[in-house]
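Novice: Have a look at this one.
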Amino acid sequence: MYTFKQTPFTSVETEALLFGVFLEKDGAYEEMNKAFDGGLQALYESRDLTHESGRVVKLHTFGKVGAKRIYFVGLGKREEITKDSLRKAFGKAFKQLAQDYIAEASIAVDSLESLPFPDEEAFEAIGEAHTMAPFVLNTYHTTKKSKPTIELTELKVVAENKDREEDILRGLELGASLGEGANVARRLVNTPANLLTASDLAEFAQAIAEKHNFQIEILEKKQMEELGMGALLAVNQGSEEPPKLIVIRYQGKDVWENPIALVGKGITFDTGGYSLKGKDNIVGMKMDMGGAASVIGAMDTVGRLQPKANVLAVIPATDNMISGNAFKPDDVIVSMSGKTIEIRNTDAEGRLVLADAITYAKTKGAAKIVDIATLTGGVIVALGNDVTGVMTNNDEWFASIQSAAEETGELIWQLPYFDHYKKQVRTSHIADLNNSPGRAAHAIMAGAFVGDFAEDTPWVHLDIAGTAMASAEHDLGPKGPTGVMARTLAKVVLKQS
C-alpha cells in the first residue's frame, strides 16, 4: 500500500501531491513557491492558501511541477501540532482525494519537517487517517443515490534523501493496521440485526481467526449450561436465536500464560426485554454489539501486527428479546461465578452477559481485563457523545489504557469507583446483587456491577454508549459507527508486548 521514493517533491509525477503548510515558512515552502514563480505567496497573502489547521486547498499545477494537483494541508503552528491534529488534518485531505476520484497520490515528506514528535508517530497518524477518513459504510439501496468514491489504492511518500524511509513506512503500516481494525468494527455495527445474529457474529469472528491463524472456540448453549452461565442464558431466554460465547486466543509469546482479556458486549439487538424500550430509544439498537465489534476490530489489528503478547478475546453474544420464556423483573438468577442476581430491570442486560464473560476469562487465566460495552444512557448524560466513560480497580492498568487512548486520540474520562458504589449494587434483600439499583449514578452503578465479577483482577471498564455512533460526518469518517476503542485496545496490546 505504501512506497517510498527518493526524489525532489517538485519533480515527482503523481495525480496528487499532499503538501503540509505551517504558519512558519520553511525551505520546502520556499522551494514550492519558487516553482510557482512566487504565486504561492500571493495566494497566501490573499488567504486563498492558508496554514489554518485542517484547511485543505487544492491547486491545479498546469505543468509547473510534476504533480497534476497539489493539496495544501493546513497544519497550524509547528510547535502546537499534535498527533491528533495531524491525523484529523490529513483525514480531511484524504476525504477530499476520495471525493475527487484520486486513486494515486504522494506525500511531500520534506514539507513535514521539525514536527514535535518522531516520524514514526507522525506517519502512524497519517496512516490511520488514510484508512479511516474516506471509509464508506455499506448500504442496502437497490439504486445508489450518489456517486461512489474511489479508494486511494497507492500512496507514496517522497523525499530528497532516504534516511527517514524506515521510520516513515513503519509508521504508515502501523497506522493503517490500526485504522483497518476500526473499519472492521464499523462494518459490524452498521449491519442490521436481522443480518447479524449471534450466529452470524460468531461466523465473522471465525473468519477473522482463520485469516490470522488465531485459535477460536465458539461455546454453544449446552456448554454454557454446563458451565453455569445463568446470567448470559437469562438474557437469551426470550430469543429464538441461540447464544454464542466467542473465545479467540492469540499467542504472541512462547508460553501461553497471563493473557490480556478483551471482553466485548455482543448484544446483537436490545429490545429492553419486559422493561421495554420506547419507540424512539429502540431504534438504533443494532449498535448494542459495539463492544464486541471493537474487540474483533482490535483482534484484526493484532493479527496484522503480531505483537509479542498473549490475548484472550471473549464475546458473549445474544439478542435481548421478549417472549413467554423471557426473563422478568423480580427473577433471581445464578451467574457463572455462583453469585446470585436479582433482576430489577431487564434492560440492564449488558452487565449480565459481561458478568459471565469476565468470570469465564478469569477461569482461563486472564491476568488483566478490559471490558467494553455500549452499556448505559447514563454515560451520555454525564460525558456526552465524544468521551468514553472509564472505571477501574487498578490505577496502573488504567494508566496503560489512558496512554493508549491519548495516542489514538480517543477521549476517555475516569468515573469514580468508591466503596459506596460497590455497596449499592449489593442492596438486594433477596440475592447477592441487584442489576439495577436506580437511575442515580446510572453509568457508575453499571460499571460497579461488572467490577464485582472482576474482583481483584486488574480491570478497566469502557462504556462507549455515547461514542460508538457519530451523529454527523467527521474528520475521520462518516456519520454512523465509529469503531471507537478498537485502535486503543490494539494499542494496549502493543504496549504490553
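The values are calculated or read from the model by the stated rules, or taken from the named source; none is laboratory data. Remember, predicted model here, so these are calculated numbers, not experimental data. When we count neighbours, we look across all protein chains shown, and the Cβ atoms used for this are built from the backbone with ideal geometry, even at glycine.
Novice: Quick one: how many residues across the range 92-134 are touching a helix residue (DSSP H, G or I) at 6+ places or on another chain (Cβ under 9 Å), not basic (Lys, Arg) and not in a loop (DSSP other than H, G, I, E, B)?
Specialist: Looking only at that region, the number is 22.
Novice: Just a yes or no: is a residue in the range 80-87 in a helix (DSSP H, G or I), touching a residue at least 60 places away in the same chain (Cβ under 8 Å), buried (at least 24 other Cβ atoms within 10 Å of the Cβ) and in the same structural domain as Leu23 (by TED's automatic domain parsing)?
Specialist: yes
Novice: Go through Ala440, Ala448 for me and flag whichever is part of a loop (DSSP other than H, G, I, E, B), over 30 Å from Leu137 (Cβ atoms) and either of a type in the set (A, V, I, L, M, F, W, C) or in the same structural domain as Asp330 (by TED's automatic domain parsing) (or both).
Specialist: Criteria check complete, one pass: Ala440.
Novice: Give the range 281-306 a look and list any residue that's buried (at least 20 other Cβ atoms within 10 Å of the Cβ), of a type outside the set (A, V, I, L, M) and over 26 Å from Lys495 (Cα atoms), or say none.
Specialist: Lys286, Asp288
Novice: For the range 467-476, state whether one or more residues are under 28 Å from Asn183 (Cβ atoms) and in a helix (DSSP H, G or I).
Specialist: No, the range 467-476 contains no residue that is under 28 Å from Asn183 (Cβ atoms) and in a helix (DSSP H, G or I).
Novice: Within the range 135-154, is even one residue part of a loop (DSSP other than H, G, I, E, B), within 19 Å of Thr301 (Cβ to Cβ) and in contact (Cβ under 8 Å) with a residue 40 or more places away in the chain?
Specialist: yes
Novice: Among the residues of the range 445-471, how many are surrounded by fewer than 24 Cβ atoms within 10 Å (Cβ to Cβ) and under 17 Å from the mean Cα position of the chain (by Cα)?
Specialist: Matching residues across the range 445-471 total 4.
Novice: Select from the range 363-380 the residues that are in a loop (DSSP other than H, G, I, E, B) and either out of contact with any helix residue (DSSP H, G or I) (no Cβ under 9 Å at 6 or more places or on another chain) or surrounded by 22 or more Cβ atoms within 10 Å (Cβ to Cβ) (or both) and list them in ascending order.
Specialist: Across the range 363-380, the qualifying residues are Lys364, Gly365, Ala366, Ala367, Thr374, Leu375, Thr376.
Novice: Let me ask something else about it. Of these, Thr467, Thr392, Thr427, Thr457, which one is hydroxyl-bearing (Ser, Thr, Tyr) and free of Cβ contacts under 8 Å to residues at least 24 places away in the same chain?
Specialist: Step by step, each of Thr467, Thr392, Thr427, Thr457 is checked, and only Thr427 is hydroxyl-bearing (Ser, Thr, Tyr) and free of Cβ contacts under 8 Å to residues at least 24 places away in the same chain.
Novice: Given the conditions (1) assigned to a loop (DSSP other than H, G, I, E, B); (2) under 28 Å from Lys286 (Cβ atoms); (3) hydroxyl-bearing (Ser, Thr, Tyr), which single one is not true for Thr488?
Specialist: Here Thr488 meets the rest and fails (1).
Novice: Search the range 430-444 for residues being of a type in the set (A, V, I, L, M) and in contact (Cβ under 8 Å) with a residue 40 or more places away in the chain, and hand back the single one that is surrounded by the fewest Cβ atoms within 10 Å (Cβ to Cβ).
Specialist: Taking the candidates together, the pick is Ile430.
Rundown of residues vs (1) modelled with pLDDT of 95 or more; (2) closer than 30 Å to Pro118 by Cβ; (3) surrounded by fewer than 24 Cβ atoms within 10 Å (Cβ to Cβ), yes/no style:
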site: Asn325; (1), (2), (3): yes, no, yes
site: Ile341; (1), (2), (3): yes, no, no
site: Ala355; (1), (2), (3): yes, no, no
site: Ala382; (1), (2), (3): yes, no, yes
site: Ala399; (1), (2), (3): yes, yes, yes
site: Gly409; (1), (2), (3): yes, yes, yes
site: Phe418; (1), (2), (3): yes, no, yes
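Novice: Evaluate the range 35-42: report whether one residue or more is touching a Gly at 6+ places or on another chain (Cβ under 9 Å) and not aromatic (Phe, Trp, Tyr).
Specialist: Among the residues of the range 35-42, not one is touching a Gly at 6+ places or on another chain (Cβ under 9 Å) and not aromatic (Phe, Trp, Tyr), which makes the answer no.
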